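Below: one structure, written as structure tokens.
The values are calculated or read from the model by the stated rules, or taken from the named source; none is laboratory data. Only a predicted model underlies this, so the values are computations on that prediction, with no experimental measurement involved. In this analysis, Cβ positions are derived from the backbone assuming ideal geometry, glycine residues included, and neighbour counts consider all displayed protein chains.
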Amino acid sequence: MHERRQNPLSDLVRQMADEAEHVRHRLEKMTDLARHIRSLAENAGRDPQSAARLSDSIEALKRSLVGVLALIPELETGHQKAMTESPESGHTVKKILVVDDERSVVDLVKRILTSRGYQVDTAGDGRTAIQMAGQSSYDLIIVDLKMPDVGGMEVYQSIRDAHPDQAERMAFFSRDVVSPHTTAFLERSGRPFLVKPFTVRELVEFVERALT
């Protein structure tokens, strides 16, 4: 049996949800208290006891408001942490570029990886991918080998020439891993590849391995 890995981001999200629920309850109580104050204010001129209770209720409302305001920075801190931590490792979010001329593949991969906490950019052709790799630094660039015009091999060569460090963080999709040309390229580059079609689990495990 595999031990379930702790998910720091899930714990953080649960903590934020608990704090938000606490704020909601306090706001509900404040709303009820405000209604009570309004009622006391309407009767204060006629009932001295209402006037005394009015002062106490206003002070209670002030304390509740201060308490709610004190929780807001904690929620903001939690949100910022959630935006900069990954669900698997608790470290800075990994930035991934996915390149494929099949729109359905790009959309599916982005949806899967985004749900896992990665930041995902996409490109539908090789030329755009080369430009994006020159403008941003990625933790992983996944490119389909077979694309019209500029294919994955050309993208790899271009990025390797201009940005060798980025080329070391590339991986590939391919439906063809048996042709001598493809096999020779994959062996020469030494980069990981994933055969199409793939399952969600295969994709996630492939990305996790490629990022290590």
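Looking only at helices (runs of 4 or more DSSP H) that fall completely inside region 88-195, which ones have 3 or more residues that are surrounded by 15 or more Cβ atoms within 10 Å (Cβ to Cβ)?
103-115, 126-135, 152-162, 180-189
Residue 200: in contact (Cβ under 8 Å) with a residue 24 or more places away in the chain and surrounded by fewer than 19 Cβ atoms within 10 Å (Cβ to Cβ), yes or no?
Spelling it out, residue 200 is indeed in contact (Cβ under 8 Å) with a residue 24 or more places away in the chain and surrounded by fewer than 19 Cβ atoms within 10 Å (Cβ to Cβ).
From 202, 154, grab the single residue that is within 20 Å of residue 106 (Cα to Cα), over 29 Å from the mean Cα position of the chain (by Cα) and at pLDDT 90 or above.
One residue alone meets the criteria, 154.
Output yes when any residue across region 129-137 is without any contact (Cβ under 8 Å) to a residue 24 or more places away in the chain and either of a type in the set (A, V, I, L, M) or over 14 Å from residue 210 (Cβ atoms) (or both), and no when none is.
yes
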